[in-house]
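Data first, discussion second: the structure below is written as structure tokens.
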Amino acid sequence: MTLLALPLQEQAVFVLAAMVLFTSFLLLAQTRLVTSIHTFAWQGGLVAAITALMAWSSDAPHLYLSAALTLGLKALLIPWMLHRLVRRVELDRHTESLAWPAATLLGGAGLVLFSYWVVLPIEHLELAATRNIVAISLSVVLLGMLLMVARRQIVQEVIGFMSIENGLFLGAVTTAHGMPLVVELGVAFDVLVAAILFGVFFLQIRESIESLDADRLDRLSEREPEA
Amino acid sequence: MAVPVSLWPALPALPLVMAVTGLSARRPAVLLFFALMLLDGLLAAALGLGLLTGQLPTVSHSLVTGLPGLAWHLRLDPLSGWFLLLIGLVQVAVAPYGPGYVRELLPGHRTPGALGFFTALFLLGMQLVVVADDAFLFMIAWELMSLSSYVLVVFHHQRSENRRAGFLYLLMAHVGALAILLAFGVLATHGHGFAFDTLRSADVPPLWSTVAFVLALVGFGMKAGVLPLHVWLPEAHPVAPSHVSALMSGVMLKVAVYGFVRFTFDLCGAPALQTGWGVALLTVGSLTALYGVLFALMQHDIKRLLAYHSVENIGIIFLGLGLAVIFRATGHPGVAAVALAAALYHTLNHALFKSLLFLGAGAVMHSTHERDIERMGGLLRRMPWTGTFFLVGCLSISALPPFNGFVSEWLTFQAALQTWVLDSGLLRSLLPIAAAMLALTGALAAACFVKVYGVVFLGQGRSRHARHARRVPRGMRAGQAWLALLCVLFGILPVPIVRALGTITGPILGDDLHAASVQGLLWLTPISPKTASYGPPLVVLALGLTWWLTARLLRRGRARGVVSCEPWDCGFSRPTPRMQYTATSFAQPILRVFRVLFDVEEGLEERGGIHYHLHVRDRLWRLLYEPIGRGVLGAARQVARLQSGRLRAYLAGSFATLLMLLWVIGL
Amino acid sequence: MNTGLLVLFQFLFFALAAPLLAGWVKRVKARLQNRRGTPLLQGYRELWKLMGKQALVPDTASPVYRIAPYVVFASTLLAAATLPVLGPRLPLASMADIIVLVGLLALGRFFLALAGMDVGTAFGGLGSSREMLISSLAEPAILMAVFTLTLTAHSTNLASVTDFLLHSAPALRPSFLFALMALLLVGIAETGRIPVDNPATHLELTMVHEAMILEYSGRHLALMEWAAQIKLLLYAVLLVNLFFPWGMDAQGTPTGTLVALTAVTFKLAVVGTALGVTESVLAKMRLFKVPLYLDMAFLLALLGLLSHVILEVGSR
């Protein structure tokens, strides 16, 4: 099975999926918070485009709804909320660089290889091509987690969390032509609520410890702090 | 040139005569010694050439010496021939170099004879290793090589750091030898014998052959300087006399490569190769290459720097071997043959240019009495010939066309790029990544040699010695000229060499690389002409023509000749030698980029002006060797408790041992 | 077209069109800055003038300093000449494949850096050191990007690659997209353009390429400048012909040749305009930002490779 055997729409899906992966890496490498939010919006837009393409190529009209939902929520609404929040807590000029950018990026590339290795044994998907997209979406999920581990800024952690959701959604759309609409609506609602809750938490955390640095949240253990 | 194969007994005999003449430090004896070395080198090279071109048949001999029931066997086949050629070519360069260099070295030295005697034994050991045909003789020759080179390392034993380097070398050489012995042991257990023929036909289960492979990798890798077993190398190679350094770095490491190739591809045999081995070799090789070159960049002792580059090149060779294993294990003997040929070609190339660079470094040290490149500069004008030959060495080791280093790296790239024939997606992506590591290594090596050449030979002299350097004797120049010539030759005419390598890969891997030379002498086409081709003679011709035409057109222009002037330097005052960029400052950006790998200690001091000091250490010392050292000392301390000092306790110990042995026999 | 003529055309095209492309970029930049800018042919005039001037050689320089311009020029021009401009029927391409091309550029760079060290001034060493840092990080990225292409075309011979691209069915390849982006980034770094190095700078502590050729004058300087222009053209042709091989001539008919020449001119003009625009918009980076930039290029190339392996070759 090679790329050339596929119709053009599927090839376009592949290109877009690869771009989603690339935006994950951009999120990982980005130093400016505001640009990170924009990149995240692009990622949402790309996922929405993939959904729309899938809807078109597999003639599944309910996917158009998912696409619209994704576009509205992840490419527009949540980035806008994050943006507003960042401005409100005066972090819009915040920059943060990774400690070892090259090592982290190469580690990310390693994760991509790893997820490819993980999905290799999946045999009985109707198209081997779909399995390869699963590898991409799994890497997007893992990269999101890597982002959450590597970053210190809480807003960045939220972006990482959201991009994990993007990865999961990508996998669901491309392999199973989307989840049942009810589930999808539920998930979308959850994400929205999560975003709002995060916003509330930020303001609270900032009021109590006067910072949004995740490294300051270091007392999450049952051990008594040593005096 | 056809050499009767019956001349082979001269191969071990000549070094023995050399050893005797080497004992005397009188001038005629020294000259005779080096004349014999030249003869021996020519003989080895001629025999090797004969074996490779197929003019000489593969011959086996059984020696009368050896233990009763365990006769020693010799065998000369194309693989041995390749390494005999390598040893011979370098020896031919070292022979004319030696007299001039040793003259400076010997006066006032207490044991002049030791140098000659052990150099001869060292050569004997190396030549015997590559022709040995049983594990027994192989190990004896191996030990002869290790021990005599140890003596050469501690030749300047008055300095304590040399003794320390020597001890480290001796220790690691013996741990390595133990691993090799065990590797042979694994094969011998299944083959019931020590002759290589028996080992070859041994029926070894895959698990045990993996054990043997790992042991061989550790054993030969320790000698060759594979990460993380390379630490002795940058300590030991620089302290030996330069012509011996050339032999050690240029040839002895290659003998270790020979041992590994012989063991893995011939004794274990191509059908036993496993993909996992190849991946291990590939990983180890690319990491070794990168590590070696990064540390080389940080050195400013010229011989230490070259020693780290040996680590790098051994990495490149092992990378090639890894590719060969992967392709053979996945059933692509044709590509595997290209990869093996690339590795062997690089082995010879590295022997040539590394020996050339060590001889050049020796010449520089001979005339400036400095080892620190920060105190050199402007030597090209003081020593034009050495400078030119060293430049050829730098261009070759930096893998620049049309020199020889480029050909072998190009072949490695070509083998790596055949990755599309593989089925496994993981391997398909792993191989190009290794190739990218190779590219990074090559580019960093170029950076390093711009630094070396720029700081040592260009610019202005940084010390009084450098400003008053003398030319070296004609013999020393001749040795370098020979190697420089070979570097150019092996770079421009790779086709006959690859064809000769086909006689090695044919029997081992089942593909004799006939595709590489289908288009005649001018074109090297490792896979097929459509896939990739490289025509070095034409590249040289085109470069030369362009150069000539440009120069001609410009010279005919309105302005001819050149006018000498003061350096402009943006209009500041005339630059003094102290204003030049130093080697440390040259490497500083790279140090900053790869900082995480180094154990760096830097700072400013104020003692009559501000002084900057920078000390870069191998991180592996702290991470790996110091814990091992502490562990060994701790264990020794525990064992030392047995040593109570009471006679009757020792007797009780002996008694208990005796009882236990008897019990074992009774089982 | 006749084989010999084609070879001659290759050399002449790169030698003669290079100053034009450089002049075009300068002009675009000038227009964006609301200046009239120099005439398009100014590059030729400058080279001609420099060739007519006497060459000054500092008294601290060694012979390496005097041969370096010739080596740099010859190796760059030869590397460029092996790159198919009009169509895949190029005999020169089998003499040197893409790896040799990169090697020839490295040969030129080696001598350029040596020349920088030769006079023994602080600026020269500074330039050499930085150039070698940038190039050693750029080289793996460029080879990785090229590998992605060669894995698809199963060849490193540029003529075969072009042939493959012309004759394969159109397909959207994610790997090519990434390889293109990687090559763009690396090309900018390797040709010393903004944001990595500024070709217009002089007497600044940030200079890289200019610092190495600071002492050169007369015909030596002309060769060095010319070689830099050829290198820019080389990267531009590499990009347009590998990723957008439209209009290239597979047969070698006169009309086909004419069409190919027009197409390549048009594509190069577009590239030159794009370069001028990016140079006007971006600011030069700090030197120690460059490694991250090149890491990004390497990552793109690596992603190209991975997406080739994961998405394009498919199962088993």
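The values are calculated or read from the model by the stated rules, or taken from the named source; none is laboratory data. Here the structure is a predicted model, which means the values were calculated and not measured. Here Cβ is always computed from backbone atoms with ideal geometry, including for glycine, and neighbour counts include all displayed protein chains.
Points worth noting:
- Extreme residue, nearest to the other protein chains (Cβ to nearest Cβ), among residues of segment B:377-388 that are of a type outside the set (V, I, T) and under 26 Å from the mean Cα position of the chain (by Cα): B:G387
- Candidates are the residues of segment C:145-154 that are surrounded by 24 or more Cβ atoms within 10 Å (Cβ to Cβ) and facing chain B (nearest Cβ under 7 Å); the one that is farthest from B:T582 (Cα to Cα) is C:L151.
- Some residue of segment C:215-235 being buried (at least 23 other Cβ atoms within 10 Å of the Cβ), in a loop (DSSP other than H, G, I, E, B) and of a type outside the set (S, T, N, Q): yes
- Any hit, segment C:252-260, residues being within 23 Å of C:L32 (Cβ to Cβ), assigned to a helix (DSSP H, G or I) and away from every other protein chain (no Cβ under 14 Å): no
- Residue check, B:Y169 of a type in the set (F, W, Y) and either free of Cβ contacts under 8 Å to residues at least 40 places away in the same chain or in contact with an Asp or Glu (Cβ under 8 Å, 6 or more places away or on another chain) (or both): yes
- Note on segment C:75-115: residues that are at the interface with chain B (Cβ under 7 Å from one of its Cβ atoms), without any contact (Cβ under 8 Å) to a residue 40 or more places away in the chain and not small (G, A, S) amount to 6.
- B:V563 modelled with pLDDT of 85 or more, at the interface with chain C (Cβ under 7 Å from one of its Cβ atoms) and in contact with a helix residue (DSSP H, G or I) (Cβ under 8 Å, 6 or more places away or on another chain): no
- From the list B:A478, B:A466, B:A446, the one residue that fits, being buried (at least 20 other Cβ atoms within 10 Å of the Cβ) and under 26 Å from B:N313 (Cβ atoms), is B:A446.
For (1) of a type in the set (S, T, Y); (2) under 19 Å from the mean Cα position of the chain (by Cα); (3) crowded, with 17+ Cβ neighbours inside 10 Å, each residue gets a yes or a no:
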| residue | (1), (2), (3) |
| --- | --- |
| B:D134 | no, no, yes |
| B:S146 | yes, yes, yes |
| B:L152 | no, yes, yes |
| B:F155 | no, no, yes |
| B:L168 | no, yes, yes |
| B:L171 | no, no, no |
| B:F184 | no, no, yes |
| B:G193 | no, no, no |
| B:V204 | no, no, yes |
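- Residues satisfying the stated conditions in segment C:14-57, i.e. outside any helix (DSSP H, G or I), touching a residue at least 40 places away in the same chain (Cβ under 8 Å) and under 25 Å from C:V281 (Cα atoms): C:Q33
- A:A67 meets the conditions (1) under 17 Å from A:L168 (Cα atoms); (2) away from every other protein chain (no Cβ under 14 Å); (3) touching a residue at least 24 places away in the same chain (Cβ under 8 Å) in every case but one. The failed one is (3).
- The residues in segment C:116-144 that are more than 7 Å from chain B (Cβ to nearest Cβ) and more than 18 Å from B:L380 (Cα to Cα) can be counted, and the count is 7.
- In the set B:A240, B:A212, only one residue is surrounded by 23 or more Cβ atoms within 10 Å (Cβ to Cβ), touching a residue at least 12 places away in the same chain (Cβ under 8 Å), of a type in the set (G, A, S) and within 29 Å of B:P96 (Cα to Cα); that residue is B:A240.
- Within segment C:168-181, residues that are more than 7 Å from chain A (Cβ to nearest Cβ) sit with their Cβ atoms under 7 Å from residues that are of a type in the set (D, E), at 6+ positions apart or across chains, in these pairs: C:S175/C:E312.
- The set of residues in segment B:566-595 that are outside any helix (DSSP H, G or I) and either loosely packed, with under 11 Cβ neighbours inside 10 Å or within 7 Å of chain C (Cβ to nearest Cβ) (or both) comprises B:E566, B:P567, B:W568, B:S573, B:P575, B:T576, B:Q580, B:Y581.
- Condition check for B:L661: over 38 Å from the mean Cα position of the chain (by Cα) and either assigned to a helix (DSSP H, G or I) or under 30 Å from C:T121 (Cα atoms) (or both): yes
- Some residue of segment C:35-54 being farther than 30 Å from B:I527 by Cβ, facing chain B (nearest Cβ under 9 Å), hydrophobic (A, V, I, L, M, F, W, C) and buried (at least 24 other Cβ atoms within 10 Å of the Cβ): no
- Restricting B:E374, B:E370 to residues that are surrounded by fewer than 24 Cβ atoms within 10 Å (Cβ to Cβ), more than 20 Å from the chain's Cα centre (by Cα), more than 9 Å from chain C (Cβ to nearest Cβ) and assigned to a helix (DSSP H, G or I) narrows the list to B:E374.
- When the residues of segment B:345-378 are filtered to those that are of a type in the set (A, V, I, L, M) and out of contact with any Gly (no Cβ under 8 Å at 6 or more places or on another chain), the one that is farthest from B:P78 (Cα to Cα) is B:I373.
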